[in-house]
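Heads up: the structure comes next, in structure tokens.
The values are calculated or read from the model by the stated rules, or taken from the named source; none is laboratory data. Nothing here was measured: the structure is a model prediction, and the numbers come from that model. Please note: Cβ atoms are built from the backbone with ideal geometry, for glycine as well, and neighbour counts cover all protein chains shown.
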Number of protein chains: 2
Amino acid sequence: MGVKAAIGPAPARKITSVDVARLAGVHQSTVSRAFSDDGSVAAETRARVLAAARRLGYTPNAIARSLITNQSNIVGVVMAGISSPFQPYVLEKFLQALQERGRQALVFSAPPGQEIDDILPAVLQYRVDGLIITSATLSSARLEDCARAGTPVILFNRNVPGGGASAVCCDNVEGGRLVANLLLDAGHRRLAYIAGSANSSTNRDREKGFTDRLYERGIVGTLREQGRYSYESGYEAARRLLERDDPPDAIFCASDIIALGALDLARERGVRVPDDLSIVGFDDIPMARWSAYALTTIRQPVDAMIAATLALLQERRAAPDAPPVTKLFPGALVERGSARRASGEAGGPVGG
Amino acid sequence: MGVKAAIGPAPARKITSVDVARLAGVHQSTVSRAFSDDGSVAAETRARVLAAARRLGYTPNAIARSLITNQSNIVGVVMAGISSPFQPYVLEKFLQALQERGRQALVFSAPPGQEIDDILPAVLQYRVDGLIITSATLSSARLEDCARAGTPVILFNRNVPGGGASAVCCDNVEGGRLVANLLLDAGHRRLAYIAGSANSSTNRDREKGFTDRLYERGIVGTLREQGRYSYESGYEAARRLLERDDPPDAIFCASDIIALGALDLARERGVRVPDDLSIVGFDDIPMARWSAYALTTIRQPVDAMIAATLALLQERRAAPDAPPVTKLFPGALVERGSARRASGEAGGPVGG
DNA sequence: CTGAAAGCGCTTACAG
DNA sequence: CTGAAAGCGCTTACAG
């Protein structure tokens with residue numbers, strides 16, 4: 001009533017369910033029930049509680065709830081580098097899917113290409129309900145820590161057979177085969193592969209599918225350049241390839257971002273795409289459809305893969321000791337302008 | 001000892017500090033101290049506790065800690081769309097900065113251009129220590145909810161004077177002026193502006209700085225196309241501009257991604273950049289330096305802006321009722337190949 | 001349908 | 001330096 005009151009309303013910090021209960025004239029446990037879906041509360045009581053809560057600006061404390069229910073509703077998402085365009089594309093979809101399901105995402109970024117063991121303790125401290133690791137791997141020691149903590153782990157876009165973790169992945173081997181078929185059917189015989197980071201399963205599998213199919217169809221002597229998953233890397237690798245005495249007439253790049261770099265280098269040197277050189281990527285990132293690139297590529301069915309990841313996480317939480325599974329999703333060939341069409345192919349629907 | 005033992009080690013779910021205390025032969029509070037930095041524990045005791053913890057695979061429960069310390073160590077990050085390339089670039093830097101400071105990030109993605117009021121309750125339930133909102137705004141009602149909950153809010157890359165929230169922002173008005181000067185000094189007189197989303201402060205400020213400076217220097221009749229922050233939008237807007245009877249010879253785009261679309265459209269139509277047309281963007285996203293684009297642009301000092309955001313958050317947590325402040329950071333002109341150089345300018349260092 | 005009480009796993013004065 | 005105890009803000013059997 002004195003001078004102090006004039007300073008302004010004392011900010012009533014830290015409103016709890018007890019405050020709401022007092023105002024609504026009920027017990028604290030009733031407040032709790034009013035905020036839970038299945039709590040049996042008289043409709044009228046609930047209305048009174050909710051009104052009091054609104055007046056006080058009360059929101060249930062999810063931290064306290066997590067502690068007692070032993071469920072945080074938080075999923076950990078660890079990404080190895082968000083800078084490569086496929087990653088934010090995936091992350092955004094994960095965030096949306098999680099939000100739709102009423103879950104939160106604690107997101108971590110790891111230096112690309114590295115193991116993410118250092119990050120794990122922080123993730124586990126927050127007792128996340130599950131852990132999604134995209135484009136990275138966890139050592140088996142850390143994987144065991146997760147198992148011991150009862151935290152299910154799903155590897156997204158990384159497939160380590162026998163690695164002890166469940167995985168959701170595009171069928172990269174089959175994708176590589178698809179590209180080999182496409183290029184061979186278009187008449188190419190002088191082929192090259194620009195690899196992504198050496199230690200990634202995506203690179204390994206895409207390369208394997210590609211070269212195996214080439215071999216099956218009698219092609220040998222395919223060129224190879226080691227790259228990383230970056231534009232600059234594709235640009236440089238393509239330079240080395242095109243400076244050869246016997247340059248390739250078709251290049252399969254381990255990912256779209258590599259292909260974009262290769263495409264730009266080719267153009268700069270006056271090599272016409274696809275007339276002189278076919279270039280194919282993998283992922284179908286948003287940029288692949290830019291008219292400047294019109295990249296022929298393999299599309300990963302990201303939405304289905306994300307839904308499967310979340311379903312698997314749920315499943316594993318119920319049955320933590322079930323053996324790891326791997327779910328493979330077929331990629332789809334998207335033909336745009338950067339690769340020659342099969343020679344036998346008709347010009348359009350009319351010709352069919 | 002019976003059949004059950006053969007099934008395997010019963011997974012000792014939910015190890016707590018009590019379990020560790022028992023194994024180490026100390027009280028539970030001593031375990032807690034051993035895991036805290038300043039807790040006074042005998043070195044030998046701490047070692048024993050840590051050994052026991054390792055053996056049991058114990059990690060302190062951060063959820064329980066948050067409840068008692070009233071500090072979650074979690075920062076909420078709300079982004080309006082991660083798909084535009086500047087956003088993941090910023091997000092990655094935020095995540096890294098937060099990790100370095102021992103903090104976690106609860107990340108939310110909102111539909112771009114929209115208000116993010118719906119997301120706020122979820123954020124507040126988790127009692128985040130602070131909230132960073134990038135490229136989006138909160139209604140004043142929701143801002144008040146945050147104030148009442150004692151959660152400091154910083155707007156990143158959005159500047160709403162008198163909006164009631166603190167903000168960290170590039171000086172977009174000054175950036176717009178810089179571009180006007182550059183283009184005028186290079187001899188351009190027929191100018192155009194491709195706008196970003198109409199309701200964004202970034203667009204408003206960049207346009208204002210640009211047109212004000214043009215006006216000051218006596219240029220009128222500047223063309224304007226409304227766009228959104230997307231490649232496609234820049235592509236289409238540039239088409240409309242270049243199909244005119246009196247096309248511009250220089251275009252300032254509200255952001256780099258718009259400029260990239262404009263650049264590609266120009267090329268497709270055989271318009272030479274920068275000989276026939278200068279194009280300037282804003283942000284300096286990683287793609288701007290790709291050799292295919294070599295985009296002249298304004299670089300936002302993102303690292304400094306992020307450090308300031310985090311410092312401000314810390315500050316506001318200590319003094320929640322301090323009035324909102326806005327920190328403006330100057331952008332830097334980065335001249336690459338997409339805009340003509342000033343006519344008076346020497347060709348290189350030799351000519352100086 | 002509602003109240004009273006126990007308990008989730010920690011931290012932190014308070015003694016000694 | 002260590003132990004004993006209170007308490008953070010909830011949920012959830014248990015009675016009634």
Subset of the stretch B:255-280, residues without any contact (Cβ under 8 Å) to a residue 40 or more places away in the chain, crowded, with 24+ Cβ neighbours inside 10 Å and in a loop (DSSP other than H, G, I, E, B), comes to B:L277
From the option list B:A80, B:A97, single residue qualifying as within 14 Å of chain A (Cβ to nearest Cβ), more than 22 Å from A:A62 (Cα to Cα), crowded, with 23+ Cβ neighbours inside 10 Å and in contact (Cβ under 8 Å) with a residue 12 or more places away in the chain is B:A80
Of the listed residues (A:P324, A:P320), the one being in the same structural domain as A:P161 (by TED's automatic domain parsing), in contact with a strand residue (DSSP E or B) (Cβ under 6 Å, 6 or more places away or on another chain) and not in a helix (DSSP H, G or I) is A:P324
Right, A:L124: more than 16 Å from DNA strand D (Cβ to nearest atom), within 10 Å of chain B (Cβ to nearest Cβ) and closer than 14 Å to B:V107 by Cα or not?
no
Checked the stretch B:164-189 for anything buried (at least 18 other Cβ atoms within 10 Å of the Cβ) and under 18 Å from B:V325 (Cα atoms); matches are B:A165, B:S166, B:A167, B:V168, B:C169, B:C170, B:D171, B:N172, B:V173
Of the residues in the stretch B:217-254, those that are in contact with a Leu (Cβ under 6 Å, 6 or more places away or on another chain), surrounded by 19 or more Cβ atoms within 10 Å (Cβ to Cβ) and over 20 Å from B:D276 (Cα atoms) number 1
Checked the stretch B:139-158 for anything part of a loop (DSSP other than H, G, I, E, B), closer than 27 Å to B:L67 by Cα and either away from every other protein chain (no Cβ under 14 Å) or among the β-branched types (V, I, T) (or both); matches are B:T151
Going through (1) touching a Leu at 6+ places or on another chain (Cβ under 7 Å); (2) farther than 30 Å from A:S278 by Cβ; (3) not in a strand (DSSP E or B) one by one, A:L183 fails only at (2)
Of the conditions (1) surrounded by 24 or more Cβ atoms within 10 Å (Cβ to Cβ); (2) touching a Pro at 6+ places or on another chain (Cβ under 9 Å); (3) more than 10 Å from chain A (Cβ to nearest Cβ), the single one that B:G130 does not satisfy is (1)
(Q) Based on this model, can you work out whether B:G281 counts as away from chain A (no Cβ under 12 Å) and either within 24 Å of A:L260 (Cβ to Cβ) or basic (K, R) (or both)? (A) yes
*For B:G176, are the conditions met, namely being among the small types (G, A, S), farther than 30 Å from A:R289 by Cβ and more than 14 Å from chain A (Cβ to nearest Cβ)?*
yes
(1) under 14 Å from A:S135 (Cα atoms); (2) within 13 Å of DNA strand D (Cβ to nearest atom) all hold for A:N73 apart from (1)
Filter the stretch A:53-68 for residues that are assigned to a helix (DSSP H, G or I) and within 26 Å of A:A149 (Cα to Cα); the one that is farthest from the other protein chains (Cβ to nearest Cβ) is A:I68
- Out of all the residues in the stretch B:80-88, is one or more outside any helix (DSSP H, G or I) and touching a Gly at 6+ places or on another chain (Cβ under 6 Å)? no
Apart from one, (1) without any contact (Cβ under 8 Å) to a residue 24 or more places away in the chain; (2) in the same structural domain as A:S17 (by TED's automatic domain parsing); (3) more than 16 Å from DNA strand D (Cβ to nearest atom) all hold for A:R46; the odd one out is (3)
The residue from B:Q71, B:Q87 that alone is crowded, with 18+ Cβ neighbours inside 10 Å, farther than 22 Å from A:A141 by Cα and within 12 Å of another protein chain (Cβ to nearest Cβ) is B:Q87
Counting only residues in the stretch B:198-250 that are of a type in the set (K, R) and without any contact (Cβ under 8 Å) to a residue 60 or more places away in the chain, the one nearest to A:I285 (Cα to Cα) is identified as B:R239
Taking the stretch A:294-311 and keeping only residues that are surrounded by fewer than 24 Cβ atoms within 10 Å (Cβ to Cβ), at negative phi and within 14 Å of another protein chain (Cβ to nearest Cβ), one is left with A:V302, A:I306
